[in-house]
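Everything on this sheet refers to the single structure shown next.
Just so you know, all these numbers are worked out from the coordinates, no wet-lab data involved. As the structure is a computational prediction, the values presented were derived from the model and not from experiment. Neighbour counts are summed over all protein chains in view; Cβ atoms, including those assigned to glycine, are modelled from backbone coordinates with ideal geometry.
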Amino acid sequence: MYTAAPSATRVLLLVLAGVLGLAPLLAVAQPGSLTLRLASIQQWSVSQHRAGGRLSPELRAALDGGVVDRPVFWWQRGAIQRSSLAPKPVRVVPGPEAPLLGGLGEFELVSVRTPSGAAGWTQIEVRPRSGQSGDVLVLQVGGELNTVTQVLETLLVISPDGSIQELPLARRALASAAGVPVVALPIGQYPAEPRFTGQNGVEFFVARSPVETLTNGDTTPAGPADRATSNVGDWREADRVFIRVPVARLQGGLPGIVLGWKDRTLKPDPDGGDGVEQRRRS
């Protein structure tokens, strides 16, 4: 098979890219990859932009270019303190597990570009491997062991026109409750019949550690927090947020997804300890 030799111009460009250190940048822009925008922030920052039950459009301005390295007070909308960003692990649910959540096909996680500068968005880049039009991507956000920002409190979708829609959470996935299901599941397990809910072809499902808690039964520097009522190790397990989207929808461009997180604390033991030290001593 005949293959045309590279032109002198192309060779020169490649040489210049290597000399100027641009080769890594050229390698990042790989064909066939698709990008999803995700903002993961403390619930405090979401509440800061809420007035009368409604979210201010200044929240989007804050995510697009309002992240600052200084204190942000309650009344200062349009800005997010950098320490209020809540970094979360992201993974593509692989082939053997994806069908349990309605996924189809194979996807590669190319990169997760965390927020930098004044923007609060994480850019998640994936590449379809099987190339079938009916493939469905399933992403997992969270699921780490942590002592802060473990509980998903708010799920927002920001359209390209700037409008913000909040998707309610059906906590513990009550059969009569409308909204994105929140199901008690140990880490590593999936529901027998997952029920995703969303809009515009993007669907969500939340798995939460099966510990008994008092909703907003405590307060931390990040605002209201849930409180675990028993001294068990899985109080540290962060929620797993699953995002399911057909590849055709991903290729057409997606709205921005915003996750607002709050803390979960441990009820002090009767002897005056914090519960954690008691477990360490046992």
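What to note about this one:
- By the equivalent-ellipsoid construction on the alpha carbon gyration tensor, region 67-180 comes out with semi-axes of 29, 20, 15 Å, ordered largest to smallest.
- Net charge contributed by nearby residues that have their C-beta within less than 11 Å of Gly78 (K/R +1, D/E -1): 0
- Cα gyration tensor category, rounded, prolate or oblate, for region 62-117 with a/c compared to 1.5: prolate
- For peptides 215-223, 80-88, sequence by mean Cβ density within 10 Å, most packed first: 80-88, 215-223
- Mean separation of Cα contacts under 8 Å (6+ apart) over length of region 32-281, as relative contact order %: 24 percent
- Every Cα-Cα pair in region 32-281 was counted, and those over 22 Å apart are 55% of them.
- Net +/- balance of residues flanking Thr149 in space, Cβ distance below 10 Å, scoring K and R +1, D and E -1: -1
- Taking one quarter of the surface of the C-alpha convex hull of region 105-170 gives a mean projected area of 7.2 nm².
- Each Cα pair under 8 Å and six or more residues apart adds its sequence gap; the mean of these over the residue count of region 98-149 is a relative contact order of 40 percent.
- Formal net charge of residues neighbouring Ala62 (Cβ-Cβ distance under 15 Å; K, R +1; D, E -1): +3
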